[in-house]
Structures are given as C-alpha cells and as structure tokens.
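The values are calculated or read from the model by the stated rules, or taken from the named source; none is laboratory data. Model, not experiment: these values are computed from the prediction. Every residue, glycine among them, receives a Cβ derived from its backbone with ideal geometry; neighbour counts consider all protein chains shown.
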Amino acid sequence: EWNEGVEYKEWNIRRVEYKEWNTRSAVLANRLVPRLMSHCCYQKKVKNIFSSFFNHHYLFIPSNLSNNKITEIEDGTFEGAGSVNELHLSANQLDSVRSGMFKGLDGLRMLMLRNNKIRCIHNNSFTGLHNVRLLSLYDNQLTTITPGAFDTLQTLSTL
C-alpha cells in the first residue's frame, strides 16, 4: 500500500490550508509530495501562495492551480521552477500582476490568468517569461495596463 508508514494530519500555515505528510522514507516522500500538491490544489482551498509553499519541491509544482481562492502569489514563489511549461491560474481572485510574481518560470510557454479580478498589470510584470507564447487574460476587470507591461514577452503569439 502506498501510504504504509505515513502519518497524516491537517495544518494551516500562513493562511494556506494544506496537508502534511510525515514519512519515514525519502522514496515514500517523493511519491507523496505530488499527491500532497494535487490534493491541496484540487480541494480548492489555496488562498495565498508564499515562497515557502513549494520550498525544495519545485519539481512537483502543479501546473493547474485554477478554481482556487488565490488572492496573492508572493514574489519568488516559483524560483527554480524553470521546467514548468504551463501554469493555469484561472478562476481565482488575483487582482493584479506584479513584477517578480512569476520569477523563475523561465521555461513557461502558457500562462492562463483568465477569470480573475485583475485590474492592473504593472510594468515588467512578465519579466523573465521569454518563452511564453500564450497569455490568457480575458474575463478580468482590466482598467490599467502600464506601458511596457508586455515588452519582455518576446515570443508571445496569442493574447
């Protein structure tokens, strides 16, 4: 059984609800981290993503964080996650896109931000996202797009 020797308990750290798995083996931990991330994200409980949330587990960052209640993504959250190709953050409660918010996602090709509450896109919001080809922003509340906001999206073909 995959969960043999595992202690499972709920906890809340910095307003982010997720589950903790205490394991006795690194091999078991490597199998559980993806399950942890999936459970956390698909239970629609994530409200804020802080840089410590994916610490040491950036290989397991789920590409689909849609339909949660995310209002904030701390700068540096995705540091070291250059292998992530797609990031779906649709149907959350993000209200702006700040510079540094997606830092570390060097390999990202698709960024889905539709159906949020985004009102403002700041200058250099997408710095470092040189490979993004598709950026979805529809069904937001955009009122301000600062000049230069899309300048770093060198390969953007669909907005």
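Worth pointing out:
- Output for segment 128-154, where each listed residue is of a type in the set (Ser, Thr, Tyr), surrounded by 15 or more Cβ atoms within 10 Å (Cβ to Cβ) and more than 17 Å from His88 (Cα to Cα): Thr152
- Entry remark, segment 58-83: residues being within 18 Å of Leu135 (Cβ to Cβ) and in contact with a Phe, Trp or Tyr (Cβ under 7 Å, 6 or more places away or on another chain) number 2 in total.
- Condition check for Lys117: in contact with a Leu (Cβ under 7 Å, 6 or more places away or on another chain) and either modelled with pLDDT of 50 or more or surrounded by 14 or more Cβ atoms within 10 Å (Cβ to Cβ) (or both): yes
- Looking at Ser157, Ser125, just one residue is surrounded by fewer than 16 Cβ atoms within 10 Å (Cβ to Cβ) and among the small types (Gly, Ala, Ser), and that residue is Ser157.
- Selection of segment 73-124 for residues being among the β-branched types (Val, Ile, Thr) and more than 11 Å from the chain's Cα centre (by Cα) yields Val97, Ile118, Ile121.
- Apart from one condition, Ser125 fits all of (1) under 18 Å from Pro147 (Cα atoms); (2) out of contact with any Lys or Arg (no Cβ under 8 Å at 6 or more places or on another chain); the exception is (2).
- Checked against the criterion of being touching a residue at least 40 places away in the same chain (Cβ under 8 Å), in a loop (DSSP other than H, G, I, E, B) and either within 21 Å of Thr71 (Cβ to Cβ) or touching a Leu at 6+ places or on another chain (Cβ under 6 Å) (or both), the candidates Ser90, Ser125 yield just one match: Ser90.
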